[in-house]
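What follows is calculated from the coordinates using simple rules that are stated; it is not laboratory data. Being a predicted model, the structure only gives us computed values, none of them experimental. As a convention, Cβ positions derive from the backbone with ideal geometry for all residues, glycine included, and neighbour counts pool all protein chains shown.
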Amino acid sequence: MQCGISTSCFYPQETAEALSALRGAGVETVEIFLNTFSELELSYTERLRSVLQDAGMRAAALHPFTSGMETFFFASEYGGRLEDGLRIYRRYFEICRVLGIPRVVFHGDYRQTPFPFQRHCENYLLLRRTAREYGVDFCQENVVRCKCGLPEYVRQMREYTGDDVSFVLDVKQQRRAGVQLEEMLDAMRGKIAHVHLSDYTQQNDCTAPGTGGLALEPFFRELRRGGFAGDIIIELYRSGFSSMDELLASAAMVNKIYAGCSVASGSEKEQCP
């Protein structure tokens with residue numbers, strides 16, 4: 001595991017510029033959050049690849065800007081929308097193949113829509129199979145406004161898909177949904193491929209890890225116990241941190257704490273620094 005930083009932290013700074021800023025700060029692992037259709041063009045992909053290769057950076061995940069449109073494309077009775085959505089997402093998967101990005105983040109259907117959840121899961125599996133053609137893992141995130149923001153839907157998704165699913169655990173979204181972290185960890189156990197990490201204070205529910213009330217050690221122990229082998233990405237809004245230095249210090253702290261946490265083989269004994 002390596003803690004990285006998402007380009008989304010610097011929104012509305014343009015994606016390639018945010019990636020370049022992270023390169024300049026010596027960040028080795030990132031998440032790339034694309035922000036508009038022009039960033040799907042081949043020339044832009046090449047621009048991103050140049051930044052990554054020049055610094056030896058690794059992108060752990062791609063986050064589509066069309067997350068807010070996934071209900072429109074993939075939870076609709078209008079057949080043409082599904083085909084159009086697949087066409088767009090194939091482009092994301094191709095970008096991942098070019099840039100060596102192993103996974104794509106998916107929000108899915110809004111909680112209030114009447115679209116049957118089992119069909120949502122069928123469309124997820126279609127996208128997941130399509131992503132595999134490109135060597136990409138297609139990962140469902142828990143998002144407060146979406147059905148999979150709740151543990152009961154996560155459990156149903158595992159059942160409907162025959163457990164052919166990967167999850168992105170976002171602790172900010174879990175907090176906003178009023179869900180206990182332990183409950184979401186239990187629902188996703190064994191299938192968490194990627195983590196979006198943030199902390200919280202009384203004034204702000206999305207701050208840099210280590211600045212608030214999130215107990216990192218027990219959280220990391222539970223991740224390890226569940227077999228987590230992905231990356232942890234700091235994903236904040238611009239109001240959640242003061243400087244690049246704060247992000248770097250937070251990432252270094254996460255790496256140190258995570259590396260020091262272990263679950264003893266064959267027992268329930270946990271150790272942390």
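Tabulated results
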read-out	value
Within region 141-182, backbone nitrogen closer than 13 Å to the virtual label 7 Å beyond the Cα of ARG225 toward Cβ	182
Relative contact order (%) - region 3-271, alpha-carbon pairs under 8 angstrom, separation at least six	17 percent
Within a Gaussian network of the chain (alpha carbon springs, distance under 10 Å), most fluctuating of TYR134, TYR258, TYR124	TYR134
Extension gain (nm, one decimal) between PHE115 and GLN203, 0.36 nm per residue minus Cα-Cα	28.1 nm
Estimated distance in nm for a label pair at ARG97 and TYR237, the labels positioned 7 Å out from Cα along Cα-to-Cβ	3.7 nm
Neighbourhood charge, 9 Å Cβ-Cβ cut-off, centred on GLU235 and excluding it, Lys, Arg +1 and Asp, Glu -1	-1
Within straight-line cross-link reach of LYS191, aspartates and glutamates at Cα separation under 19 Å, skipping those fewer than 8 residues along the same chain	GLU122, ASP137, GLU141, GLU152, GLU159, ASP163, ASP164, ASP170, GLU182, GLU183, GLU222, ASP231
Net charge contributed by nearby residues that have their C-beta within less than 13 Å of HIS196 (K/R +1, D/E -1)	-2
Fully extended contour minus Cα-Cα distance, from SER43 to ALA259, at 0.36 nm per residue	73.9 nm
Neighbour net charge for ARG175 - beta-carbon separation under 15 angstrom, K R +1, D E -1	-4
Along principal axes, Cα extents of region 186-237, largest first, whole Å	33, 19, 17
Amide proton proximity set for LEU197, modelled H, under 5 Å, gap of 5+	ILE233, ILE234, GLU235
Relative contact order [Cα under 8 Å, 6+ residues apart], region 146-273, whole percent	20 percent
Kyte-Doolittle at least 1.0, axis length at least 30 Å by Cα - qualifying DSSP helices, the chain	none
Long-range amide H partners of ALA59 with built H, under 5 Å	VAL30
Karplus (6.51, -1.76, 1.60) ³J(HN,Hα), θ = phi - 60°, over region 196-203, in Hz, Gly and Pro reported as x	9, 10, 7, 10, 8, 10, 5, 8
Rounded FRET efficiency, nearest 0.05, which uses the C-beta distance separating ILE88 from ALA215 and R0 of 35 Å	0.35
